[in-house]
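The values are calculated or read from the model by the stated rules, or taken from the named source; none is laboratory data. Here the structure is a predicted model, which is why all the values come from computation and not from measurement. We place every Cβ from the backbone using ideal geometry, glycine too, and count neighbours over all the protein chains shown.
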Amino acid sequence: LQPKSLAGKRVVVTAGPTFEALDPIRGITNHSSGKMGFTIARAAREAGADVTLVAGPVHLATPRGVTRIDVKSARQMLEATLAAVPRADVFVATAAVADWRPTSESGQKIKKDGSGQPPAVSFTENPDILATVAQSDRAKRRELYCVGFAAESHDLQTNAKAKRERKGIPLLAGNIGPLTFGQDDNQLLLVDEHGSQELPRAPKLQLARTLIAEIARRLPSNYKA
Ligand code: C5P
């Protein structure tokens, strides 16, 4: 029997959208289903890792053996992630974090005031969870191996390479082709410091297993001399 590729490792995964409240009943979010992240959490667990899944609001079952922490907003996701990564070996950011949140959340439902004027909403930039984690000393020393995702509508090669460098991470997976919200298939472009490699269109579980294998063989402790 082959030893499992992530046995003894701790993996933290963010998944799904975030929800940024405007008032007690409304907010902004996006169409991320969370499927890719949940599947990566499952594949990491199958590979023997201790897995913590920080999930935004999604309708998905928790993969067997995975510890799930449910959050809503980007700030809650950052807090839960920062609490989990100090003991982790791998961080995979798949969440579609809202770039902006309403600057203030009304304590009461915002009502029409009869003037015909819609309310003005101002936005504040959310923290970049991946970039924040990637700046930590452990990540810089590669004791915490950080992996990002990119959903680009055009020029994936160029944009994915630039994003990997901008975020300061060793590995980035770009979604190739049309955005596949909620689909069971995906196609990924893996970009690291040596170049890029395409993982052909396949069910998300198969891609997740391949991605986990690619991560496992890049961990400093697994380098073959
Ligand atoms: O900059 P962009 O949103 O395209 O980057 C995508 C990558 O960064 C994904 O891995 C996503 O999970 C992560 N991200 C994050 N926090 C943000 C924005 C993106 O962790 N606020």
K72 vs. criteria in contact with a Pro (Cβ under 9 Å, 6 or more places away or on another chain), in contact (Cβ under 8 Å) with a residue 24 or more places away in the chain and surrounded by fewer than 12 Cβ atoms within 10 Å (Cβ to Cβ): no
Candidate set: the stretch 140-167, residues that are among the aliphatic types (A, V, I, L, M) and touching a Pro at 6+ places or on another chain (Cβ under 9 Å); chosen: the one surrounded by the most Cβ atoms within 10 Å (Cβ to Cβ): V147
Hey, S32 out of contact with any Lys or Arg (no Cβ under 6 Å at 6 or more places or on another chain), at pLDDT 95 or above and assigned to a loop (DSSP other than H, G, I, E, B) or not: no
In the stretch 35-65, the residues that are crowded, with 16+ Cβ neighbours inside 10 Å, in a loop (DSSP other than H, G, I, E, B) and in contact with a strand residue (DSSP E or B) (Cβ under 6 Å, 6 or more places away or on another chain): A49, G56
Flag if A98 is under 15 Å from the mean Cα position of the chain (by Cα), surrounded by 14 or more Cβ atoms within 10 Å (Cβ to Cβ), within 9 Å of the ligand (Cβ to nearest atom) and in a loop (DSSP other than H, G, I, E, B): yes
Test: L130 is more than 9 Å from the ligand (Cβ to nearest atom) and in contact with a Lys or Arg (Cβ under 9 Å, 6 or more places away or on another chain): no
